[in-house]
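Single-structure report; data block below.
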Protein chains: 2
Amino acid sequence: MRVSELSRSSEVPVATIKYYLREGLLHRGETTSPNQARYDESHLRRLRLIRALVEVGGLPIAVVRDVLLAVDDPEIGLHRMLGRTMYAVTGAGDGGGGFAERAEAQVRALVDHSGWTVSDKAPALAGARSVLARMHELGHAPSEDTLRRWAEAADRIGEADLEAIGRLTGRERVAETALVATVLGDALLAALRRLAQESHSAARYPAPNQ
Amino acid sequence: MRVSELSRSSEVPVATIKYYLREGLLHRGETTSPNQARYDESHLRRLRLIRALVEVGGLPIAVVRDVLLAVDDPEIGLHRMLGRTMYAVTGAGDGGGGFAERAEAQVRALVDHSGWTVSDKAPALAGARSVLARMHELGHAPSEDTLRRWAEAADRIGEADLEAIGRLTGRERVAETALVATVLGDALLAALRRLAQESHSAARYPAPNQ
């Protein structure tokens, strides 16, 4: 299909498609004349992926670019490619005032308690520290008990995620699934958490006047 | 303290503080002269909360405003107030092409399976449907097994959240904690999920060359 049709099918403006082509987020089409190229289903799929990561996952375009470069790089092994992909989508956030040390010790204890083997350079370590420090600063840090229960739930989710990935074949498919399941999955998990909260809240605080 | 000192302590520009005052996100200070007001610790706390919701939680200012109005409204009961607060922070997102019906049925089945009692109008229902439809569209929807395990983990998180809230006293404190634990908690849970994923990935795909 031509770029105009690709634009209609994907609901992405032609100018945006051209920008993605220049930036390497989208692979080139097959050149049919000096000013025209033909695009196929793979371009449509990639455009949908980019839009979902931006619109649902809230990722900046620069991060999407880094992530897709890791997905497209055939040189790296599976765990490493998953790592690069996941590292890119985890912002470390900024500091949390004077609570950084306390938060750091708590995250370290949580990782030990969970038996997790993670790199000291994992951005999620810095991310967890930063958010927790911010919660301390606000005077609303979760208790040790709550933190442990969150970590146990996160462990079950991570275990389910990797089992799902283990059932797949094909490198590119694995990378894309990991990416979608993680970025869009965060949004879905947040929604499921809200539903669980509402249900537990209704059970705990029944409203006589409703 | 004066507004200049409030600005220094909170690292929020004076112009932004005045904007928050006009919009009702921040309560007025005690007027000391026609052009001056005195602010206290409660203003500093509120400013920190607003900044955290915007910077870490990624909420738009209009949503922060709605949420804080619900928190500040003394007329409504606890479950309802929590509901309003949580409903405001859950964007429904946009549709997901032709997969809406399938996603709707899956979310409905998930709620039934989990034994959750939630309003048909819960924005998280629409949010879950929308994200799931998007994942179907991308060809990377989670399996039924993964969805159930995510919902079970979300249920444990929601249960821990409401137990933590149940240990608190004071209406405003409850509302603020629920808000911080939910919005910043989503970011923390996402980080913990990444750590768990990394650990399970390392166990599943050991890299001989690393």
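Applying the Karplus relation 6.51 cos²θ - 1.76 cosθ + 1.60 with θ = phi - 60° to region A:106-120 yields 3J(HN,Hα) values of 5, 5, 4, 5, 5, 5, 4, 4, 7, x, 7, 9, 9, 5, 4 Hz, where x marks Gly and Pro.
Mean partner shielding of peptide A:144-150, defined as the number of other chain Cβ atoms within 10 Å of each residue Cβ, is 5. Inter-chain neighbour count for B:118-131: the average number of beta-carbon atoms from partner chains within 10 Å of each residue's beta-carbon is 5. Annotation: extensible slack from A:D145 through A:T169 equals 4.8 nm (criterion: 0.36 nm per residue apart, minus Cα-Cα distance).
B:G58 label point (Cα plus 7 Å toward Cβ) to equivalent points in the other copies: 0.4 nm, shortest first. Taken residue by residue and averaged, Cβ atoms of other chains lying within 10 Å of the Cβ of A:37-48 number 1.
Among the trypsin sites (Lys or Arg not before Pro) within region A:1-43, those in coil by DSSP and having at most 16 neighbouring Cβ atoms inside 10 Å are A:R2, A:R28.
Annotation for region A:106-190: trypsin sites (Lys or Arg not before Pro) lying in DSSP loop with at most 15 further Cβ atoms inside 10 Å of their Cβ are A:K121, A:R167. Could you tell me which of rounded, prolate or oblate describes region B:25-69, using a ≥ b ≥ c as the square roots of the eigenvalues of the alpha-carbon gyration tensor, with rounded for a/c under 1.5 and, failing that, prolate when a/b is larger than b/c and oblate otherwise? Since a/c reaches 1.5 and a/b is larger than b/c, the shape of region B:25-69 is classed as prolate. The alpha carbon gyration tensor of region A:90-167 gives principal lengths a ≥ b ≥ c with a/c of 1.5 or higher and a/b greater than b/c, which makes the shape prolate. Here the simple spin-label model places points 7 Å from the Cα toward Cβ, and for A:L44 and B:D120 these points are separated by 3.5 nm.
Between B:R8 and A:N35, what is the FRET efficiency for a Förster distance of 60 Å, r being their Cβ-Cβ separation, to the nearest 0.05? Using R0 = 60 Å, I get an efficiency of 0.55.
None of the figures in this text is laboratory data; all of them are computed from the coordinates on show. Computed from a prediction, not measured in an experiment: that's the story for all the values here. In this analysis, Cβ positions are derived from the backbone assuming ideal geometry, glycine residues included, and neighbour counts consider all displayed protein chains.
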